[in-house]
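Peer 1: Quick one: structure below, then a few questions.
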Amino acid sequence: MPTDKMVDLSGRQIRRFPLCICSFRELVKLYLSDNKLNHLPPELEQLQSLQILALDFNFFQTLPPVVCTLKQLCILYLGNNKLGDLPAELRQLQNLKTLWIESNCLYHLPSVVCELKHLKTLHVGSNALRALPGQLQYLKELRTIWLSSNQLTDFPPVLLHMPFLEVIDVDCNAIRDFPNLVHLTGLKLVIYDHNPCRNAPKVGKGVHRVGRWSEESPEPRKRSGLGRDKGSEDINSLLPPPPLSCKLSHSN
């Protein structure tokens, strides 16, 4: 058992999950990013202490059922796969706080996401979403939603009923008109750049805007350009870090 209760097998070109890992019953973090996996064995269920699981940059077309048995998961990275939906069994992961499902094949936001009551961060960028379900407003603990590079033609109405949101990213969509967002009292940052918009969203005092007609000059998504002044540092603090597994695999 690793002393730090972490196993990182990122970037190993693995096609089959090594079953020996399942003997580490107290494992907390498992990084399997940037491999060639398309399934996981049922024996993975033995890792009931697992809190972080990174499966991004693989070849999953469906989420392996065993993932939904890992009820202590807090962070789940599923980005850059070939997922077209998520199973209803995902609702069993009620401790989940961070879900990254960016760069998949999603034409709609899976309804089961709206049942993850403790979700705080949702990254669903680079898919093919045209709308968001109204049930999303029931995620009262959600603070950050990333929707960049989808196919939104309108600002999602459900977001207007979520005053607790702190970060909204709708960069690189097809939104022409932005509604008034002043009533979203928890809002700290809205990113709306690269839209064919005719107006900038109105926001409350102290809210950062990044896009046409805004007062912000840096683009937060270009992280290497941040930190040059206090304003950009404030925005940078609102951005989520990339998965540790991605950092490690890309540094090799």
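Peer 1: Measuring from label point to label point, each 7 Å out along Cα→Cβ, what is the H118 to D154 span in nm?
Peer 2: According to this spin-label approximation, the distance is 3.5 nm.
Peer 1: Additional query: What list of ³J(HN,Hα) values in whole Hz, one per residue of segment 54-67 in order, does the Karplus curve 6.51 cos²θ - 1.76 cosθ + 1.60 (θ = phi - 60°) give from phi, with Gly and Pro shown as x?
Peer 2: 10, 10, 5, 6, 10, 10, 6, 9, 9, 6, x, x, 4, 4
Peer 1: Residue by residue through segment 139-144, which ³J(HN,Hα) values in whole Hz follow from phi under the Karplus form 6.51 cos²θ - 1.76 cosθ + 1.60 (θ = phi - 60°), with glycine and proline marked x?
Peer 2: 3J(HN,Hα) across segment 139-144, in whole Hz: 7, 5, 9, 5, 10, 9.
Peer 1: From the phi of every residue in segment 162-179, what ³J(HN,Hα) in whole Hz does the Karplus formula 6.51 cos²θ - 1.76 cosθ + 1.60 yield, where θ is phi - 60° and glycine or proline is x?
Peer 2: Whole-Hz 3J(HN,Hα) from phi for segment 162-179: 10, x, 7, 5, 9, 10, 10, 10, 10, 4, 6, 10, 10, 7, 9, 10, 10, x.
Peer 1: Right, next: Starting from segment 1-57, pick out the trypsin sites (Lys or Arg not before Pro) whose DSSP state is loop and whose Cβ has at most 12 other Cβ atoms within 10 Å. Walk me through the intermediate numbers first.
Peer 2: Numbers: sites: K5, R12, R15, R16, R25, K29, K36; in loops: K5, R12, R15, R16, R25, K36.
Sites meeting the loop and neighbour criteria: R15, R16, R25, K36.
Peer 1: Which trypsin sites (Lys or Arg not before Pro) in segment 125-194 pass both tests, a DSSP loop state and at most 15 other beta-carbon atoms within 10 Å? Don't jump to the answer; show the numbers that get you there.
Peer 2: On the way: sites: R130, K140, R143, R176, K188; in loops: R130, K140, R143, R176, K188.
Answer by residue number: R130, K140, R176.
Peer 1: Probe 1.4 Å, all protein chains in place: accessible area of I21 in Å², nearest 10?
Peer 2: 10 Å²
Peer 1: Rank by packing, highest mean first: peptides 80-89, 116-125, with packing defined as the count of other Cβ atoms within 10 Å averaged across residues. Please report the intermediate quantities before stating the final value.
Peer 2: Values: 80-89: 17.2, 116-125: 19.9.
Highest mean packing first, the order is 116-125, 80-89.
Peer 1: Could you tell me which GluC sites (Glu not before Pro) in segment 1-79 are loop residues by DSSP with no more than 11 other beta carbons within 10 angstrom of their beta carbon? Please report the intermediate quantities before stating the final value.
Peer 2: Details: sites: E26, E43, E45; in loops: E26.
Within segment 1-79, the qualifying GluC sites (Glu not before Pro) (loop, at most 11 other Cβ atoms within 10 Å) are E26.
The values are calculated or read from the model by the stated rules, or taken from the named source; none is laboratory data. Values in this document were obtained by computation on a predicted structure and should not be read as measured data. Cβ sites come from the backbone with ideal geometry, for glycine too, and all protein chains shown count toward neighbours. With ligands, DNA and RNA removed, areas are computed over all heavy atoms of the protein, side chains included. Shrake-Rupley method; radii C 1.70, N 1.55, O 1.52, S 1.80 Å.
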